[in-house]
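Structure first, commentary second.
Every read-out reported here was derived from the displayed coordinates using simple, explicitly stated rules and does not represent laboratory data. Note that the structure is a prediction, hence the values are computed from the model and not measured. All Cβ positions, even for glycine, are placed from backbone atoms using ideal geometry, and neighbour counts span all protein chains on display.
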Amino acid sequence: MQNKHLFEYAVIRVVPRVEREEFLNVGVILYCKGLKFLQSKCDLDEARLAAFAKDIDMEEIRESLRSFAQISAGKDGGPIGKLDAASRFRWLTATRSTVVQTSKVHPGFCEDASVTLKRLFKELVA
């Protein structure tokens, strides 16, 4: 198990009406301290979301998802983007009542965080 690294991930979701607790999975964020890896992968199926929530502001959602990517990468994310990877991950996955939010954080073990992120994305979003 020496090649295995502990990682944590959360599903990124759009919750058009927070009070209804209905959501659409749109991405995954994965953090692995041992591999110095923090990255998110998102894909917004706008047609599916529009069918689910016809009045939603797609540009606002796209901007929120861009922010996830920028903060994850530590680029152009304002003050939060300048924090260390663990702090950025904790900030991005903190519980909030907004339209774009994350699931609870889940752990696992991986050899290659990038491959694991792609696998989780395929299983949980695509």
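Rank 89, 23, 109 by mean-square fluctuation in a GNM of the chain with C-alpha springs under 10 angstrom and give only the top-ranked residue.
Comparing 89, 23, 109 in the GNM, the peak value goes to 109.
In the chain, once you exclude exposed trypsin sites (Lys or Arg not before Pro) (DSSP loop, at most 13 other Cβ within 10 angstrom), what's the longest stretch remaining?
Values: sites that count: 4, 17, 36, 54, 75, 82, 96, 104.
The longest such stretch corresponds to 105-126.
Which distance in nm do the two modelled labels at residue 122 and residue 3 give, with both placed 7 Å along the Cα-to-Cβ direction?
About 1.9 nm separates the two model spin labels.
Can you tally the net charge around residue 26? Count Lys and Arg as +1, Asp and Glu as -1, for every other residue whose Cβ sits under 15 Å from the Cβ of residue 26. If you can, show how the numbers build up before the last one.
Details: positive: 13, 41, 48, 62, 66, 122; negative: 22, 43, 45, 46, 57, 59, 60, 63, 123.
Once positives and negatives cancel, what remains is -3.
Mind grabbing the base-10 log of I(q)/I(0) for the chain at q = 0.11 Å⁻¹? Debye formula, identical points on the C-alpha positions, no solvent, two decimal places.
For the requested q values the scattering log ratios are -0.37.
Working out 0.36 nm times the residue gap between residue 46 and residue 82, then minus their Cα-Cα distance, what length gain in nm do you get to one decimal? If you can, show how the numbers build up before the last one.
Numbers: separation 36, 0.36 × 36 = 12.96 nm, distance 3.05 nm.
Fully extending the segment from residue 46 to residue 82 adds 9.9 nm.
Kindly put 112, 84 in sequence by how many other C-beta atoms sit within 10 Å of each C-beta, fewest to most. Spell out each step's value before the answer.
Working: 112 14, 84 11.
Least crowded to most crowded, the residues run 84, 112.
Can you give me the span-like helices of the chain, meaning DSSP H runs with 15 Å or more of Cα extent along the axis and Kyte-Doolittle mean at or above 0.0?
Passing helices, by number: 113-124.
Give the cross-link partners of residue 122 among the lysines, using a straight C-alpha distance below 20 Å as the criterion and excluding same-chain residues fewer than 8 apart.
41, 104
Please give me the summed charge of the neighbours of residue 44: other residues whose Cβ is under 13 Å from its Cβ, Lys and Arg +1, Asp and Glu -1. Before the final figure, lay out the partial values.
Details: positive: 13, 41, 48, 62, 66; negative: 43, 45, 46, 57, 59, 60, 63.
Summing Lys and Arg as +1 and Asp and Glu as -1 gives -2.
If I model a spin label at residue 54 and residue 115 as a point 7 Å from the Cα along the Cα→Cβ vector, what separation in nanometres do I get?
Between residue 54 and residue 115, the label points sit 4.6 nm apart.
Could you tally the net charge around residue 35, taking each other residue with its Cβ under 13 Å from the Cβ of residue 35, Lys/Arg +1 and Asp/Glu -1? Each step should come with its number before you reach the end.
Values: positive: 4, 33, 36; negative: 8, 111, 112.
After counting each charged neighbour, the total is 0.
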